[in-house]
Amino acid sequence: MAKRYWNEKIECMELPDMRALQSERLVKQVKHVWDNVPYYRKKMEEKGVTPDDIKGIDDLHKLPFLSKADLRDAYPYGLLAKPLTDCVRIQSTSGTTGKRVVAFYTQNDVDMWEDCVARAITAAGGTNEDVCQVAYGYGLFTGGSGLHGGSHKVGCLTLPMSSGNTERQIQFMMDLGATILCCTPSYAAYIGETLHDMGYTPDDIKLKAGIFGAEPWTEEMRREIERSLGIKAYDIYGLTETSGPGVAFECEEQSGMHINEDNFIAEIIDPDTGEVLPEGSKGELVFTSITKEAFPLLRYRTRDICVLSRGKCSCGRTLIKMSKPMGRSDDMLIIKGVNVFPSQIETVLIKDFKATPNYQIVVDRVGNADTFEIKIELSPDMFSDTIKDVFTLEKKLSADIVQILGIKAKISLVEPKSIPRSEGKAVRVIDRRKLV
């Protein structure tokens, strides 16, 4: 029988005990940061806060926030809290603009990270009898390294495939009997599509579960991936800034991701005012790392919009849950004065197509007016339909977009395989506006 928990004592800890553990670790961490990170100590001094003011998690709100701008300003060593001689690794964000965020790890940091990922793999049914195919990118990106380390810790036979060469991925999957697939959800969808194109079905592979993260994905996309690969698809969440994937993970209930609260304290704030919101409120997710040694971020603003809840879970875990991110406060598009999140559009497209479409959102500005186009790839069956059928689908999509967003988009249905596929994070939005 599969092991249900990786660390039952922590994953099922009663709330008063967890709060006591968090308080103890927070007090210690604040002192560590104050003593070793002049950049953050200055921010505390500017706010009139010292370590003596932090006696437990009820005092967390007194601390100043950190943002990605701070990480860039302090690049590369300004937030380092340990001597470089104590550090054994760096990882970096996959961002393409400005300075990358570089995070440092001691061996204890790596061990903590891998332990968190081991919890996620175990929650997805993984044991030392499984074959775990890691198709996240390796290198500076945390995806490959994180799932690789967690897989080793669980004792899985680990296939370090990295991303790309999809037909080879499927061949190894079949030859070596992979049972767990780890990659971005968009790449999982592409693997499912390629499997079908190669003439295979889910019956030809042994996959039972997938652990997918690093980009937003909807429930509709989850169901399509599960259908195309014959698996149960689990969400995983993390940021390079806090460690990488494994900050939170989904259990068999698939109703939110359990946050590893022994290592990370989560808050929800109003993104405009910074005010801490009560549990169950929708707002911006903030994390405090309470065990990270080399790069210990306090009150880091993730920009992810979600909800925290602590209802009873059928899996038995007591760790608080975060919802799937509903968008980001910094990647929200403002089109014709309307706030638009790509996830809203994806929900409409998948509902109307009854499958996962390949699509791109293209925003531009002509004169002083925004243009808003959604390019959607038709399946071969749809492409062969009559012009009348395609026109009817365009009208339905246009009406549904107006209903959910309140603005009209140009719908362009394009031929199969015409939108570039992604073997990592999908490029869903092209914003050509030159906004100041």
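Among the residues of segment 254-274, just one is modelled with pLDDT under 95 and touching a Gly at 6+ places or on another chain (Cβ under 8 Å), namely P271. Kindly check whether there is at least one residue in segment 366-381 that is outside the structural domain of Y136 (by TED's automatic domain parsing), within 15 Å of E346 (Cα to Cα), surrounded by fewer than 18 Cβ atoms within 10 Å (Cβ to Cβ) and out of contact with any helix residue (DSSP H, G or I) (no Cβ under 9 Å at 6 or more places or on another chain). Checked against the condition, which is being outside the structural domain of Y136 (by TED's automatic domain parsing), within 15 Å of E346 (Cα to Cα), surrounded by fewer than 18 Cβ atoms within 10 Å (Cβ to Cβ) and out of contact with any helix residue (DSSP H, G or I) (no Cβ under 9 Å at 6 or more places or on another chain), segment 366-381 yields at least one hit.
Within segment 60-71, the only residue that satisfies the criterion of being touching a helix residue (DSSP H, G or I) at 6+ places or on another chain (Cβ under 6 Å) and not in a loop (DSSP other than H, G, I, E, B) is K62.
Of all residues in segment 271-316, those being in contact (Cβ under 8 Å) with a residue 40 or more places away in the chain and among the small types (G, A, S) number 6.
Name the single residue, out of those in segment 42-58 being among the acidic types (D, E) and more than 14 Å from K31 (Cα to Cα), that is surrounded by the fewest Cβ atoms within 10 Å (Cβ to Cβ).
Ranking the candidates gives E46 first.
Small (G, A, S), touching a residue at least 24 places away in the same chain (Cβ under 8 Å), under 23 Å from T93 (Cβ atoms) and in contact with a helix residue (DSSP H, G or I) (Cβ under 6 Å, 6 or more places away or on another chain): is that true of G230 in this structure? For G230, the condition - small (G, A, S), touching a residue at least 24 places away in the same chain (Cβ under 8 Å), under 23 Å from T93 (Cβ atoms) and in contact with a helix residue (DSSP H, G or I) (Cβ under 6 Å, 6 or more places away or on another chain) - is not met. Taking the conditions exactly as written (more than 31 Å from the chain's Cα centre (by Cα) and at pLDDT below 90), does D389 satisfy them or not? Spelling it out, D389 is indeed more than 31 Å from the chain's Cα centre (by Cα) and at pLDDT below 90. Across segment 62-87, the qualifying residues are those that are touching a strand residue (DSSP E or B) at 6+ places or on another chain (Cβ under 9 Å) and loosely packed, with under 13 Cβ neighbours inside 10 Å, and the one among them that is nearest to L277 (Cα to Cα) is Y77. Those helices (runs of 4 or more DSSP H) of segment 99-215 in which at least 3 residues are out of contact with any Phe, Trp or Tyr (no Cβ under 6 Å at 6 or more places or on another chain) and under 30 Å from L79 (Cα atoms), considering only elements entirely within it, cover 107-123, 142-154.
When restricted to residues that are under 16 Å from V363 (Cβ atoms) and surrounded by 15 or more Cβ atoms within 10 Å (Cβ to Cβ), segment 391-418 contains 4. The set of residues from segment 1-27 being surrounded by fewer than 16 Cβ atoms within 10 Å (Cβ to Cβ), touching a residue at least 60 places away in the same chain (Cβ under 8 Å) and assigned to a helix (DSSP H, G or I) comprises just one member, L15.
Any idea which residue in segment 4-46 is farthest from P76 (Cα to Cα), counting only those that are among the charged types (D, E, K, R) and touching a Gly at 6+ places or on another chain (Cβ under 9 Å)? Result: R4.
The values are calculated or read from the model by the stated rules, or taken from the named source; none is laboratory data. None of the values given here were measured: they were computed from a predicted structure. Using ideal geometry, Cβ is built from the backbone for each residue, glycine included, and neighbour counts are taken over all protein chains shown.
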